[in-house]
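A short worksheet on the structure shown next.
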Amino acid sequence: MGENTVLHPDMIRQSVSEALRRLLEQTACRPGDFVVIGCSSSEIIGKQIGSVGSLEAAQAVYDGVMPVLREKGLYLAAQCCEHLNRALVVERAAADAWHLDEVNAVPQMHAGGSFGTVTYQKMESPALVEEVRAVAGMDIGGTLIGMHLKPVAVPVRVGIDHIGEAILILARSRARYIGGERAVYNDALK
């Protein structure tokens, strides 16, 4: 990937959208489930995580994921940076539906990150919460989303491994297997 890739928000949006679609094809999810997305816009534009940020890149990621999530009836949980303890921006309706406690902070570029900031500004009624248990997630640029995934997290490869210059890691969750060698498992929960 070269510098031209990171300068085109349409390419970022399309790559994110396609990666999310492919991830969700491999995920057992139901309407109302959370998908967590951590995004280093600095990494997307080829800089070190947490160094500069790019509202333009963050907006492109948001624009890429929201149509897919709406189509599937899923909630976005946008992970903020470590300066807000990786809290998540969610719609208040989602926080209410899942009985999540709201915490008090408003994401900013250097305390929450570009993606958290854009998401907070774009959501109809944003709320910041400390944790969710998401069925799937996208980690764009090494943001460490694992703490917000349901156990058991399973890595997913979809043929897209970068968004701009940022490494893309995808995961889905599956139900825990219990019972040992005599157990019979429900394939719909894999």
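Read-outs: derived from the displayed coordinates by stated rules, not from any lab. All values reported here derive from a predicted model rather than from experimental measurement. With ideal geometry, Cβ positions are generated from the backbone for all residues, glycine too; neighbour counts draw on all protein chains shown.
Database remark: amide H of Gln108 closer than 5 angstrom to the amide H of Gly113 (H placed geometrically; neighbours at sequence offset of 5 or more, or on other chains; Pro and chain starts carry no H). The mean sequence separation of alpha-carbon pairs under 8 Å and at least six residues apart, normalised by the residue count of the range 3-189, gives a relative contact order of 27 percent.
Near Cys80, the amide H atoms lying under 5 Å from its own belong to Ala87, Leu88, Val89; only residues 5 or more places off or on other chains count, and H is placed 1.01 Å from N.
Annotation: amide H of Ala134 within the under-5 Å range of Leu149, Lys150, sequence separation 5 or more or interchain, hydrogens built in the peptide plane.
The 3J(HN,Hα) values that the Karplus relation (6.51, -1.76, 1.60; θ = phi - 60°) gives for the range 100-108 are, in residue order, 8, 7, 7, 10, 9, 6, 10, x, 10 Hz. Gly and Pro appear as x. Structure remark: mean-square fluctuation, Gaussian network model of the chain, C-alpha springs under 10 Å; the largest value among Ala153, Ala77, Ala97 belongs to Ala97. Projecting the Cα atoms of Met123, Gly179, Ile145 onto the charge dipole of the chain (Cβ charges, centred on the Cα centre) puts Gly179 farthest toward the positive pole. Our helix-only sum for the chain, with -39,500 (n - 2.57) per DSSP H run of n ≥ 4 divided by its residues, gives a mean residue ellipticity at 222 nm of -9000 deg cm²/dmol.
Here the Karplus curve 6.51 cos²θ - 1.76 cosθ + 1.60, taken at θ = phi - 60°, turns the phi angles of the range 150-155 into couplings of 5, x, 9, 7, 10, x Hz, with x standing for Gly and Pro.
For a quick check: sort Ile145, Ile12, Ile178, Ile44 by the number of other beta carbons within 10 angstrom, fewest at the front.
Ile178, Ile145, Ile12, Ile44
Of the GluC sites (Glu not before Pro) found in the range 96-154, those in coil by DSSP whose Cβ has at most 11 other Cβ atoms within 10 Å are Glu124.
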